[in-house]
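Notes to accompany the following structure.
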Amino acid sequence: MTDMPPGSRIVLRNTLREHESPFDLAKDARDGLTAVPRTLPSKYFYDARGSHLFEMITRLPEYYLTRAETEILQRESGRFVETSRPRVLVEFGSGAARKTRILLDAMRERGLLEGYGPVDVSVDASRRAAQALIRDYPDMVVEGVIGDFERPRNLPFSGRPRLIAFLGSTIGNLETVQAQAFLEAVRAEMTGADAFLIGFDLVKEATVLERAYNDAAGVTARFNLNVLRVLNRELGASFDLEAFRHRAEWNAGRSRVEMHLESLREQRILIPAIGLDVTVREGETIRTELSHKYTRESAEMLLGSSGLALESWCTDEARRFALALARAPR
Ligand SMILES: C[S@@+](CC[C@H](N)C(=O)[O-])C[C@H]1O[C@@H](n2cnc3c(N)ncnc32)[C@H](O)[C@@H]1O
């Protein structure tokens, strides 16, 4: 299903409600809220409000990730494009697609740019980004997917040399086994002409990591609580947002920042739409996001175990963040 008028230079195929889509809030809420520990998948943060809050996070002084990745893109995009000569850019978890423009510019300057294929669950962010991009890149078409990147089948622009990007260290939101399965599935879709550019946030001091997810202005807390708002609206859940507090902590043993919502009192949660009735104790948490941090070794191991070969590894000056360019060997 596309949701743009015929003749438009934008085609966004919405696969969220397709039979095989892994985007199933009711099932995920039931499974996650009855699991030990309780969890909710981070992909449900991103309704219009959540996507807007995430954009605000990228501008926070504590959130170094976007600035570090932008620095690498500004320095290296020309080289990435020269070595892979893509005609189109496909991007997972594209969101507002702001950093994307650095890659699109590098392609356009070399006369290569024909199309852009965003793949994102956020309807609002995908539409807004596509509309802004076709205004600023008049010779480019957008053929994107509103859907779950965890099933990366039938990627846009098959048959054309593609640069496939996965920025923002969104790969870190996946458990290692999920990340491996995702990368394997992308590799299966890649031809020898495609290159894959992946952003990894790097292991660093706990204080810097914890500050990035506990900003002084409380934007990350609002972003975290937004998932409860989504459940209240979409499933008629009874979450009292005042009765939970945001918590984000570095788990050194698992090399990840974990984001939780901690219950401030014992409370009963009712979601009649899915027959759920659970009591959450005071101090109990719902884990809402994982942000795995990598080293060059752990990233290279992940890529290798997914059948991808690392071609280049670039970090920002302060070595906070890395971009890996990988290929699918034939
Ligand atoms: C951490 S943000 C990164 C946004 C942007 N790429 C950046 O670097 O600033 C994650 C993005 O991935 C999208 N997203 C999260 N989980 C997803 C999933 N399972 N499938 C598709 N998109 C997803 C969100 O809507 C959001 O735009």
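The set of residues from region 272-308 being open to solvent by less than 40 Å² (accessible area, probe 1.4 Å) and over 30 Å from Asp240 (Cβ atoms) comprises His292, Lys293, Tyr294, Ala299, Leu302, Leu303, Ser306, Gly307, Leu308. Based on what the data block shows, is Asn173 open to solvent by 10 Å² or more (accessible area, probe 1.4 Å), more than 9 Å from the ligand (Cβ to nearest atom) and either touching a residue at least 40 places away in the same chain (Cβ under 8 Å) or at positive phi (or both)? So Asn173 does not fit the description; no.
Return the total of residues in region 65-108 being more than 10 Å from the ligand (Cβ to nearest atom), of a type outside the set (Val, Ile, Thr) and touching an Asp or Glu at 6+ places or on another chain (Cβ under 9 Å). The total comes to 15. Taking the criterion of being among the acidic types (Asp, Glu) and in contact with a Lys or Arg (Cβ under 8 Å, 6 or more places away or on another chain), the residues of region 56-88 that qualify are Glu62, Glu69, Glu82.
All conditions but one from (1) farther than 23 Å from Ala97 by Cβ; (2) within 13 Å of the ligand (Cβ to nearest atom); (3) surrounded by fewer than 17 Cβ atoms within 10 Å (Cβ to Cβ); (4) of a type outside the set (Phe, Trp, Tyr) apply to Arg59; the one that does not is (1).
Is it fair to say Arg59 is under 24 Å from Ala273 (Cβ atoms) and basic (Lys, Arg)? Criteria not met by Arg59. Residues in region 120-166 that are hydroxyl-bearing (Ser, Thr, Tyr) and touching a Ser or Thr at 6+ places or on another chain (Cβ under 6 Å): Ser122 only. Looking across region 320-330 at every residue that is more than 20 Å from the chain's Cα centre (by Cα) and part of a loop (DSSP other than H, G, I, E, B), the one that is farthest from Leu197 (Cα to Cα) is identified as Arg330.
Restricted to region 222-319, the set of strands (runs of 3 or more DSSP E) holding at least 3 residues that are more than 30 Å from Arg75 (Cα to Cα) comprises 244-251, 256-263, 267-271, 276-280, 285-292. The residue of region 204-253 that is surrounded by the fewest Cβ atoms within 10 Å (Cβ to Cβ), among those that are among the basic types (Lys, Arg) and more than 18 Å from Tyr46 (Cα to Cα), is Arg245.
Out of Leu104, Leu65, Leu73, one residue alone is open to solvent by less than 10 Å² (accessible area, probe 1.4 Å), part of a helix (DSSP H, G or I) and more than 28 Å from Gly192 (Cα to Cα). It is Leu65.
From Glu266, Glu262, Glu284, Glu300, which residue is assigned by TED's automatic domain parsing to the domain that holds Ser122 and in contact with a strand residue (DSSP E or B) (Cβ under 8 Å, 6 or more places away or on another chain)?
Numbers: Glu266 fails: assigned by TED's automatic domain parsing to the domain that holds Ser122; Glu262 fails: assigned by TED's automatic domain parsing to the domain that holds Ser122; Glu284 fails: assigned by TED's automatic domain parsing to the domain that holds Ser122.
Going through Glu266, Glu262, Glu284, Glu300 in turn, just one is assigned by TED's automatic domain parsing to the domain that holds Ser122 and in contact with a strand residue (DSSP E or B) (Cβ under 8 Å, 6 or more places away or on another chain): Glu300.
Checked against (1) open to solvent by 10 Å² or more (accessible area, probe 1.4 Å); (2) within 12 Å of the ligand (Cβ to nearest atom); (3) part of a helix (DSSP H, G or I), Ala188 meets all criteria but (2).
The values are calculated or read from the model by the stated rules, or taken from the named source; none is laboratory data. The model shown is predicted, which means the values in this text are computed figures rather than measured ones. Cβ coordinates were reconstructed from backbone atoms using ideal geometry, including for glycine residues, and neighbour counts include every protein chain displayed. For accessibility, only protein heavy atoms count, side chains too; no ligands or nucleic acids. Shrake-Rupley method; radii C 1.70, N 1.55, O 1.52, S 1.80 Å.
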